[in-house]
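The values are calculated or read from the model by the stated rules, or taken from the named source; none is laboratory data. These numbers were taken from a predicted model, which means no experiment stands behind them. Cβ placement follows ideal geometry from the backbone for every residue including glycine, while neighbour counts extend to all protein chains displayed.
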Amino acid sequence: MSMTEAISLDGQIALVTGASSGIGAATAQALAEAGADVLVNYHSDEEGAKATLAAIQAAGRRGIVARGDVSREDDVRRLFDLCEGELGEVDIVVSNAGIQIDRAFTDMELADWQKVIDINLTGAFLVAREAVRRFEEKGMRPELSRALGKIVFNSSVHERIPWAGRANYAASKGGVSLLMRSLAQEVGRRKIRVNSVAPGAIATAINEEEREEGAEEIRSLIPYGRIGEPEDIARVIAWLVSDAADYVHGHSLFADGGMALYPGFIDNG
Ligand code: BGC
């Protein structure tokens, strides 16, 4: 096999949460383009999920859409059951679903805190736990991949960069960072590969308002000089779950145009 052929995901089955828009939708499409069949999970945007499904089918792969709230244990179990029943046993899981509720610290209600932690952190835990359980039941498929299974969390530059007015979000992503690394440490010997991608400012619905109000200001925080597109992250995830990245384990891959490089120091602080 040539070294780059390993990027193919031919015949593998993937489950992507929050895949009705943005990074999740682009990722589902990228995985299909690389050869995987994909379960498209969504929470409320059924139309968006169907559009993602159409892109998967246009890439010549099978897919299904499945509603489900990642912060609910029974929903998560059902997603994996559906995937197994309709597509087959899962090889790749992308825990992508996430939200932001921005509030000044003293105005932050417990519900604003809880909801973000529930979806971004507890959801990531539930999805990853179910993934590991299912990988172990499935057993190795050496003709498809060198790993028993692959998990990628969609984290954020804010797993490292503090974020005023979004303590709930930054805390959830900081949590995802150590969830990922602890899990990677625990399951690596079982040939389960676990990583995160940490996107910077990507043009999706989550930051639409901020981009409309001040795209220039955001760009000034990005040494590479452009706001990212969902495809920038989708390509990274497709590579991370492929055998081309088989020796990458327990890593948070920052795909942020350099946002985490302390851009305030570009002109010497
Ligand atoms: C947030 C976006 C933000 C980006 C960079 C992401 O994790 O969801 O709203 O634009 O980080 O600050």
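Tally up the residues in the range 137-153 that are in contact with a helix residue (DSSP H, G or I) (Cβ under 7 Å, 6 or more places away or on another chain) and under 13 Å from Val187 (Cα atoms), please.
Selection size over the range 137-153: 3.
Any residue that is surrounded by 14 or more Cβ atoms within 10 Å (Cβ to Cβ), within 16 Å of the ligand (Cβ to nearest atom) and part of a helix (DSSP H, G or I) - is there at least one of those in the range 216-224?
Scanning the range 216-224 turns up at least one residue that is surrounded by 14 or more Cβ atoms within 10 Å (Cβ to Cβ), within 16 Å of the ligand (Cβ to nearest atom) and part of a helix (DSSP H, G or I).
Could you pull out every one of the helices (runs of 4 or more DSSP H) wholly within the range 13-99 that has 2 or more residues that are farther than 22 Å from Arg133 by Cα?
22-33, 46-58
Could you list, in sequence order, all residues of the range 82-135 that are of a type in the set (Gly, Ala, Ser) and in contact (Cβ under 8 Å) with a residue 24 or more places away in the chain?
Those that are of a type in the set (Gly, Ala, Ser) and in contact (Cβ under 8 Å) with a residue 24 or more places away in the chain: Gly88, Ser95, Ala97, Gly98, Ala104, Gly123, Ala124, Ala128, Ala131.
Under 30 Å from Glu5 (Cα atoms), more than 16 Å from the ligand (Cβ to nearest atom), buried (at least 19 other Cβ atoms within 10 Å of the Cβ) and modelled with pLDDT of 95 or more: does that describe Ala234?
So Ala234 does not fit the description; no.
What do you reckon, is Phe105 of a type in the set (Phe, Trp, Tyr) and closer than 23 Å to Gln185 by Cβ?
So Phe105 fails the test.
Taking the range 172-206 as the region of interest, how many residues are within 17 Å of Ile23 (Cβ to Cβ) and buried (at least 16 other Cβ atoms within 10 Å of the Cβ)?
15
Can you find a residue that is modelled with pLDDT of 95 or more, surrounded by fewer than 17 Cβ atoms within 10 Å (Cβ to Cβ) and over 25 Å from Ser71 (Cβ atoms) anywhere in the range 33-40?
Within the range 33-40, none of the residues are modelled with pLDDT of 95 or more, surrounded by fewer than 17 Cβ atoms within 10 Å (Cβ to Cβ) and over 25 Å from Ser71 (Cβ atoms).
For the condition more than 11 Å from the ligand (Cβ to nearest atom), basic (Lys, Arg) and free of Cβ contacts under 8 Å to residues at least 24 places away in the same chain, what is the one hit in Arg181, Arg189, Arg193?
It is Arg189.
Specify which of the listed residues (Ser155, Ser95, Ser71, Ser145) is under 21 Å from Ala25 (Cβ atoms), more than 15 Å from the ligand (Cβ to nearest atom) and hydroxyl-bearing (Ser, Thr, Tyr). Steps first, answer last, please.
Values: Ser155 fails: more than 15 Å from the ligand (Cβ to nearest atom); Ser95 fails: more than 15 Å from the ligand (Cβ to nearest atom); Ser145 fails: under 21 Å from Ala25 (Cβ atoms).
From the options Ser155, Ser95, Ser71, Ser145, the qualifying one is Ser71.
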